[in-house]
Amino acid sequence: MRLPALADRLRLPESSVGLTLLSWGIGALLTMQLMRVVLARIGSRGVLRAAAPLCAASLVLVAFAPSLPVLAVAAALFGMAFGAVDVGMNAQGSAVERAYGRPIMSGMHAGWCVGAISAGLLGTAAISLGLSLTVHILVVALVSVPAALALSRLHLPDPAPEADEAGRAPARARRRLPGVVYLLGAVTFAAFMVEGVVADWNGLYLIGTLHASEAVAALGYPVFEAGMLLARLAGDRLRGRYGARGLITFSGAATALAFLVVIAAPVTVAAVAGLFFIGLSVATISPMALSLAGTATREPGPAIAQASAMGYAGLLLGPVVIGFLSTAASLRLAMGVAVVLGVVIAVAARLLPASRTEIIPLRASTEDEERSLPQAA
């Protein structure tokens with residue numbers, strides 16, 4: 001939200017802003033891939049204790065960056081810390097979910113939505129109070145660091161890896177991930193790509209294609225987020241009733257249908273309403289996919305790191321693909337990619353093994369179940 005203020009302070013053109021965001025994304029993706037190894041060694045609790053304070057500190061570096069090169073490096077460092085926190089949170093969420101014995105991941109992701117909405121409101125308040133970008137970020141960092149340290153005392157240890165016959169541990173961490181993890185990563189990729197398309201292009205679509213005013217177009221993303229929040233609050237209950245595979249299938253099909261409504265909408269009101277239903281439809285897909293990835297092996301961390309990395313690749317790639325296609329054809333036609341992604345999610349969900357769509361408590365042995373999973377080539 002304060003990105004325009006940062007760009008104005010350093011007098012950055014749009015291309016430089018794009019480079020800064022790309023640096024952040026690359027940093028996050030690199031860390032997410034490294035997390036497969038790191039989580040196997042120190043667990044999500046150790047990752048969060050180190051990465052959460054570093055995330056706040058690296059954000060301060062972004063605020064104080066005096067030039068574009070320094071900003072790009074600071075953004076990459078922030079992305080790396082953020083990527084570690086994101087994977088660590090989901091791995092910790094999987095450990096909590098398995099200890100709890102029933103689905104709660106969607107509810108935890110609802111907390112993410114609340115945080116995003118709160119950050120937007122606090123940003124608006126900071127602007128209204130006349131706080132500079134630097135002061136604003138310093139306040140956020142000063143609050144975040146002690147909060148992260150206090151919360152770290154509540155984190156659960158990850159499931160302990162099982163030793164091999166010779167008593168060596170963690171033997172399992174050296175094995176290839178089950179093929180189902182990559183299938184779930186593909187589902188996460190598609191879901192994140194849909195979210196990226198909405199986040200980056202809904203305003204331009206409403207203004208450029210439907211000729212909405214800037215004020216009306218600004219409602220698009222909050223309406224989408226509101227839909228996501230409501231769906232995630234109900235997601236765990238719906239999963240318990242209909243099962244993860246059935247709910248992901250339905251959500252993918254509903255996402256495709258809702259995006260068709262937005263693309264075909266002749267007036268702004270219908271398109272904005274469609275964005276709300278896209279939020280409702282897509283919201284529970286990535287939490288469920290990450291939750292299932294966490295139960296694909298005894299140690300949830302490496303599997304969640306892989307699925308998360310694939311998901312964030314979609315988040316970064318989606319807006320780029322839409323930009324390219326809109327230049328070659330039209331924005332309305334380009335956004336049809338999201339319809340295809342919804343169908344892909346629905347089809348991929350039907351390929352998920354039925355035995356991998358339920359929560360596996362920590363006390364249960366997973367050795368036999370892992371042998372039945374498809375292995376990566």
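For Thr295, work out the one condition from (1) at pLDDT 90 or above; (2) farther than 25 Å from Gly27 by Cα; (3) open to solvent by less than 10 Å² (accessible area, probe 1.4 Å) it doesn't fulfil.
(1)
Can you find a residue in region 33-55 that is assigned to a helix (DSSP H, G or I), open to solvent by 30 Å² or more (accessible area, probe 1.4 Å), modelled with pLDDT under 85 and of a type in the set (D, E, K, R)?
Within region 33-55 (the criterion being assigned to a helix (DSSP H, G or I), open to solvent by 30 Å² or more (accessible area, probe 1.4 Å), modelled with pLDDT under 85 and of a type in the set (D, E, K, R)), the answer is yes, since at least one residue qualifies.
Could you check region 57-75 and list, in sequence order, the residues that are open to solvent by 30 Å² or more (accessible area, probe 1.4 Å) and closer than 15 Å to Leu19 by Cα?
Residues satisfying the conditions are Ser67, Leu68, Pro69, Val70, Val73.
Of everything in region 106-133 that's surrounded by fewer than 16 Cβ atoms within 10 Å (Cβ to Cβ) and among the hydroxyl-bearing types (Ser, Thr, Tyr), which residue is modelled with the highest pLDDT?
Among those residues, the one meeting the criterion is Ser132.
Just checking, how many residues over region 264-292 are in a loop (DSSP other than H, G, I, E, B) and either polar (S, T, N, Q) or modelled with pLDDT of 95 or more (or both)?
Going through region 264-292 one residue at a time, the tally reaches 2.
Looking at Val60, Val143, which one is of a type in the set (A, V, I, L, M) and without any contact (Cβ under 8 Å) to a residue 12 or more places away in the chain?
Val143
Six or more apart or on different chains, Cβ atoms under 8 Å: show the pairs whose first residue is in region 113-130 and within 19 Å of Glu225 (Cα to Cα) and whose second is of a type outside the set (A, V, I, L, M, F, W, C) and part of a helix (DSSP H, G or I).
Cys113/Glu225; Cys113/Arg232; Ala116/Glu225; Ile117/Pro222; Ile117/Glu225; Gly120/Pro222; Gly123/His136
In region 300-335, what residues are over 24 Å from Leu22 (Cα atoms) and open to solvent by less than 20 Å² (accessible area, probe 1.4 Å)?
Pro300, Gly301, Pro302, Ala303
Scan region 181-230 for residues that are out of contact with any Phe, Trp or Tyr (no Cβ under 9 Å at 6 or more places or on another chain), of a type in the set (Phe, Trp, Tyr) and open to solvent by 40 Å² or more (accessible area, probe 1.4 Å) and jot them down.
Residues satisfying the conditions are Tyr182, Trp201, Tyr221.
Could we say that Ala258 is closer than 23 Å to Ile26 by Cα, touching a Leu at 6+ places or on another chain (Cβ under 8 Å) and in a helix (DSSP H, G or I) here?
For Ala258, the condition - closer than 23 Å to Ile26 by Cα, touching a Leu at 6+ places or on another chain (Cβ under 8 Å) and in a helix (DSSP H, G or I) - is not met.
Over 15 Å from the mean Cα position of the chain (by Cα), open to solvent by less than 30 Å² (accessible area, probe 1.4 Å) and in contact (Cβ under 8 Å) with a residue 24 or more places away in the chain: is that true of Thr284 in this structure?
Values: over 15 Å from the mean Cα position of the chain (by Cα): no; open to solvent by less than 30 Å² (accessible area, probe 1.4 Å): yes; in contact (Cβ under 8 Å) with a residue 24 or more places away in the chain: yes.
Answer is no for this residue.
Do any residues in region 229-255 that are under 20 Å from Pro353 (Cβ atoms) have Cβ atoms under 9 Å from those of residues that are among the acidic types (Asp, Glu) and open to solvent by 40 Å² or more (accessible area, probe 1.4 Å), where the two are at least six apart or on different chains, and which pairs are they?
Filtered contacts from region 229-255: Gly243/Glu358; Ala244/Glu358.
The values are calculated or read from the model by the stated rules, or taken from the named source; none is laboratory data. Bear in mind that the values here come from a model prediction, so they are computed numbers and not experimental data. Glycine also receives a Cβ, built like all others from the backbone with ideal geometry; neighbour counts cover every protein chain displayed. Side chains are part of the model used for accessible areas, which takes the heavy atoms of the whole protein and leaves out ligands, DNA and RNA. Shrake-Rupley method; radii C 1.70, N 1.55, O 1.52, S 1.80 Å.
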